[in-house]
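Undergrad: Right, I'll just put the structure down here and ask away after.
The values are calculated or read from the model by the stated rules, or taken from the named source; none is laboratory data. Keep in mind that this is a model prediction, so the values were computed, not measured. Quick reminder, even Gly has a Cβ in these numbers, built from the backbone with ideal geometry, and neighbours come from all protein chains shown. These area figures cover heavy atoms from the full protein model, side chains too; ligands, DNA and RNA do not enter into them. Shrake-Rupley method; radii C 1.70, N 1.55, O 1.52, S 1.80 Å.
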Amino acid sequence: MIVADRKSLKEILAMVEDDKKILIAGCKGCVTVCNTGGLKEVEILASSMKIARKKQGNDIDIDINVLERQCDTEYVAGIKDTVEDYDSVISLACGVGPQFLSEMYKDQTFYPGVNTTFFGGATEHGVWEERCAGCGTCGIHNFGGLCPIARCAKSLMNGPCGGSSNGVCEVNKDIECIWDSIVRKKMDAGKIEDLMGVKGIKNWKTARDGGPRKSIREELVQGNI
Amino acid sequence: MSELKSGSNLEKVLNAGHFAFTGECGPPKGANVTHLKEKLNHLKGKVDAVNMTDNQTAVVRMSSLAGSVLMIEEGLEPNFQMVCRDRNRLAMMSDILGAYALGIRNMLCLSGDHQTFGNHPDAKNVHDIDSMQLISMVKKMRDEGKFLNDEDIDVPPKMFIGAACNPFADPYEYRVYRLANKIEAGADFIQTQCIFNMDKFRDFMKKVVDMGLHEKCYILAGVTPMKNAGMANFMSKFVPGMDIPDSLVKRLKSVDKKDQSEEGIKFALEQVEEFKEMEGVAGVHMMAIEWEHMVPEIAERAGVLPRPVV
């Protein structure tokens, strides 16, 4: 899923400091799963903002709405009758949400209430970790099922670098050296030969380097499925 | 070993079977050519080639290409370092051609320390290709006369290809295989990370020799003379991939502060003596960090002068 962290209350308050009536739009997709932009988080943000503004002697009127998904025009269209009633809208969806909203409602201002961080999953309750870089050409099977593009700080195809120490990355002690894990997995399995030779140079055209990407499924476009 | 690949002085020295002795010089944090030339002059005639570092520890300095050319002007032979952190494949190939055109004949292919260590930690890194792929790219340019896209190169760059090896990084058991991969990729010579843990290095070289890697590539052992116990502590804590045994720190601390540099040099000299006899070691890479003026004395006392003229 897409993982996001909520922006600080201070930063969000500064975005809407001149506004008197706003909407906070949550999303029932990934940000609900990672406890950043679902109903609960939308309610908490709304309450926190109201209290803060009241303290400033500058009350704010806040409505909330949690969309089914903000990355789908069908659901984004669901707020068309009310969206212009607000001075601005804070979206707690990933970076896709406020863009879909901005594209559909050109006269409204949408603020991102979260920082979208990575594609990953929960490794324990309350902890999410990056797993995928969305490079467009998946080859994790070549690395024992572990992705060095997303998980090595240098995206090395032929690691580990000379900074790997005790299974930890040179960048900081909280980062696992994924190449250490790849190598140990192969060695434990008696498959060191899988790591011999030079892994070829990557084609980054399928990653963001080829420009913004689009995925077209003809059968769906044509309405056959 | 055989026909020369680049004809660099370093290659000729190694090819003739001499024990190589290379030095290192960091370019200035600015365009202070006078200071750079002063540092280089200490090394003149004392080493076979000098590594010109490429924004080492991710700190911005004068480009290694410019520094290498200034070195040639001073009559020394550069080993042009190139890291994968700061350039994509276009910039790399372009700089390799430029380097060759300007008279550079050795290069060292590196991943590069992560930018968070340096003075621009907010920078975006590149890592379009990695050090292993860089080695193979330079080999392809040199031996096949082709760019990565298989287009012909009009006058290919004939580089003597170097790579780094850190026997002290983890997983240790894999390090010799990684070295084998670098050699297969096209490394002609290896310069190791600074060696302080001699027991581990002896074990590593035994594995290298057992696999016959020393017969496919020249291995230069990395030596850094410690200026004092404080430097040992600093390197141990802040330089990635360093293995500094407590015994060395204790040895440095066992003498008066004013004598610690001499103790550090003595340890380095003992290392050089051992490397001269160690099977598989073809030379020493002396990294006297910001201590270039001590290299003549170290070289003299190490008995590696005069340098061979081949």
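Undergrad: What are the residues in region B:143-157 that are in contact with an Asp or Glu (Cβ under 9 Å, 6 or more places away or on another chain) and assigned to a loop (DSSP other than H, G, I, E, B), if any?
TA: B:Gly145, B:Asp150, B:Ile153, B:Pro156
Undergrad: Which residue out of B:Ala180, B:Ala164, B:Ala99 is within 25 Å of A:Lys185 (Cα to Cα), small (Gly, Ala, Ser) and either away from chain A (no Cβ under 14 Å) or surrounded by 21 or more Cβ atoms within 10 Å (Cβ to Cβ) (or both)?
TA: Details: B:Ala180 fails: either away from chain A (no Cβ under 14 Å) or surrounded by 21 or more Cβ atoms within 10 Å (Cβ to Cβ) (or both); B:Ala99 fails: within 25 Å of A:Lys185 (Cα to Cα).
Going through B:Ala180, B:Ala164, B:Ala99 in turn, the sole match is B:Ala164.
Undergrad: Let me ask you something else. Among the residues of region B:207-220, is there at least one that is more than 14 Å from every other protein chain (Cβ to nearest Cβ) and closer than 26 Å to B:Asp256 by Cα?
TA: no
Undergrad: Out of (1) in contact with a helix residue (DSSP H, G or I) (Cβ under 8 Å, 6 or more places away or on another chain); (2) crowded, with 23+ Cβ neighbours inside 10 Å, what's the single condition that is false for A:Asp107?
TA: Tallying (1) in contact with a helix residue (DSSP H, G or I) (Cβ under 8 Å, 6 or more places away or on another chain); (2) crowded, with 23+ Cβ neighbours inside 10 Å, A:Asp107 fails exactly one: (2).
Undergrad: I would also like to ask the following. Can you confirm whether region A:93-104 contains a residue that is surrounded by 15 or more Cβ atoms within 10 Å (Cβ to Cβ), over 12 Å from the mean Cα position of the chain (by Cα) and under 25 Å from A:Cys152 (Cβ atoms)?
TA: No, every residue in region A:93-104 fails to be surrounded by 15 or more Cβ atoms within 10 Å (Cβ to Cβ), over 12 Å from the mean Cα position of the chain (by Cα) and under 25 Å from A:Cys152 (Cβ atoms).
Undergrad: Let me ask something else about it. Could we say that B:Arg175 is on the phi < 0 side of the Ramachandran plot and free of Cβ contacts under 8 Å to residues at least 60 places away in the same chain here?
TA: Working: on the phi < 0 side of the Ramachandran plot: yes; free of Cβ contacts under 8 Å to residues at least 60 places away in the same chain: yes.
Judged against the criteria, B:Arg175 is a match.
Undergrad: Separate question: Please count how many residues of region B:1-27 are open to solvent by 10 Å² or more (accessible area, probe 1.4 Å) and either within 28 Å of B:Ala58 (Cβ to Cβ) or among the β-branched types (Val, Ile, Thr) (or both).
TA: 1
Undergrad: Right, another one. Output yes when any residue across region B:216-232 is over 30 Å from B:Lys29 (Cα atoms), touching an Asp or Glu at 6+ places or on another chain (Cβ under 8 Å) and free of Cβ contacts under 8 Å to residues at least 60 places away in the same chain, and no when none is.
TA: Going residue by residue through region B:216-232, those that are over 30 Å from B:Lys29 (Cα atoms) are B:216-219.
Filter once more, keeping what is touching an Asp or Glu at 6+ places or on another chain (Cβ under 8 Å): B:217-218.
Adding the requirement that they be free of Cβ contacts under 8 Å to residues at least 60 places away in the same chain leaves B:217.
Yes; the residues of region B:216-232 include at least one that is over 30 Å from B:Lys29 (Cα atoms), touching an Asp or Glu at 6+ places or on another chain (Cβ under 8 Å) and free of Cβ contacts under 8 Å to residues at least 60 places away in the same chain.
Undergrad: I need a count of the residues in region B:129-142 that are part of a loop (DSSP other than H, G, I, E, B) and either hydrophobic (A, V, I, L, M, F, W, C) or more than 7 Å from chain A (Cβ to nearest Cβ) (or both). Walk me through it before giving the result.
TA: Pass one, region B:129-142, residues part of a loop (DSSP other than H, G, I, E, B): B:129-130.
Still in the running and either hydrophobic (A, V, I, L, M, F, W, C) or more than 7 Å from chain A (Cβ to nearest Cβ) (or both): B:129.
Summing the residues that are part of a loop (DSSP other than H, G, I, E, B) and either hydrophobic (A, V, I, L, M, F, W, C) or more than 7 Å from chain A (Cβ to nearest Cβ) (or both) in region B:129-142 gives 1.
Undergrad: Taking B:Asp54, is it modelled with pLDDT of 95 or more and either over 18 Å from B:Met159 (Cβ atoms) or touching a Cys at 6+ places or on another chain (Cβ under 7 Å) (or both)? Steps first, please.
TA: On the way: modelled with pLDDT of 95 or more: yes; either over 18 Å from B:Met159 (Cβ atoms) or touching a Cys at 6+ places or on another chain (Cβ under 7 Å) (or both): no.
The answer is no for B:Asp54.
Undergrad: Here's something else I'd like to know. In this structure, does A:Ala46 turn out to be modelled with pLDDT of 95 or more and part of a helix (DSSP H, G or I)? Spell out how you get there, then give the answer.
TA: On the way: modelled with pLDDT of 95 or more: yes; part of a helix (DSSP H, G or I): yes.
Yes, satisfied.
Undergrad: Is it the case, given these coordinates, that B:Ala187 is small (Gly, Ala, Ser), closer than 25 Å to B:Leu70 by Cβ, out of contact with any Lys or Arg (no Cβ under 7 Å at 6 or more places or on another chain) and within 14 Å of chain A (Cβ to nearest Cβ)?
TA: On the way: small (Gly, Ala, Ser): yes; closer than 25 Å to B:Leu70 by Cβ: no; out of contact with any Lys or Arg (no Cβ under 7 Å at 6 or more places or on another chain): yes; within 14 Å of chain A (Cβ to nearest Cβ): yes.
So B:Ala187 does not fit the description; no.
Undergrad: Looking at region B:82-121 only, could you name the residues that are outside any loop (DSSP other than H, G, I, E, B) and over 19 Å from B:Val69 (Cα atoms)?
TA: Here is the first cut: in region B:82-121, the ones outside any loop (DSSP other than H, G, I, E, B) are B:82-83, B:89-101, B:106-110, B:115-117.
Residues satisfying the conditions are B:Arg89, B:Leu90, B:Leu110, B:Gln115, B:Thr116, B:Phe117.
Undergrad: Cβ-Cβ below 6 Å, separation at least six or inter-chain, first residue in region B:35-61 and over 21 Å from B:Phe21 (Cβ atoms) and among the polar types (S, T, N, Q), second part of a helix (DSSP H, G or I) and open to solvent by 30 Å² or more (accessible area, probe 1.4 Å): which pairs?
TA: Pairs that qualify, where the first residue is over 21 Å from B:Phe21 (Cβ atoms) and among the polar types (S, T, N, Q) and the partner is part of a helix (DSSP H, G or I) and open to solvent by 30 Å² or more (accessible area, probe 1.4 Å), are B:Thr57/B:Phe117.
Undergrad: Show me the helices (runs of 4 or more DSSP H) found entirely inside region A:128-225 where at least 2 residues are away from chain B (no Cβ under 14 Å) and out of contact with any Cys (no Cβ under 9 Å at 6 or more places or on another chain).
TA: Details: elements: A:148-151, A:178-188, A:218-221.
So the answer is A:218-221.
Undergrad: Under the condition of being among the aromatic types (Phe, Trp, Tyr) and within 20 Å of the chain's Cα centre (by Cα), which residue from region B:134-173 is farthest from B:Lys12 (Cα to Cα)?
TA: Pass one, region B:134-173, residues among the aromatic types (Phe, Trp, Tyr): B:147, B:160, B:168, B:172.
Next, only the ones that are within 20 Å of the chain's Cα centre (by Cα) stay: B:160, B:168.
Numbers: B:Phe160: 10, B:Phe168: 29 Å.
It comes out as B:Phe168.
Undergrad: Also, I was wondering about something else. Inside region B:214-239, can you point out the residues that are open to solvent by less than 20 Å² (accessible area, probe 1.4 Å) and not aliphatic (A, V, I, L, M)?
TA: Applying the first criterion (open to solvent by less than 20 Å² (accessible area, probe 1.4 Å)) to region B:214-239 yields B:217, B:219-226, B:229, B:232, B:235.
Selection gives B:Cys217, B:Gly222, B:Thr224, B:Pro225.
Undergrad: In region B:107-123, how many are within 12 Å of another protein chain (Cβ to nearest Cβ) and surrounded by fewer than 17 Cβ atoms within 10 Å (Cβ to Cβ)?
TA: Total meeting the criteria: 2.
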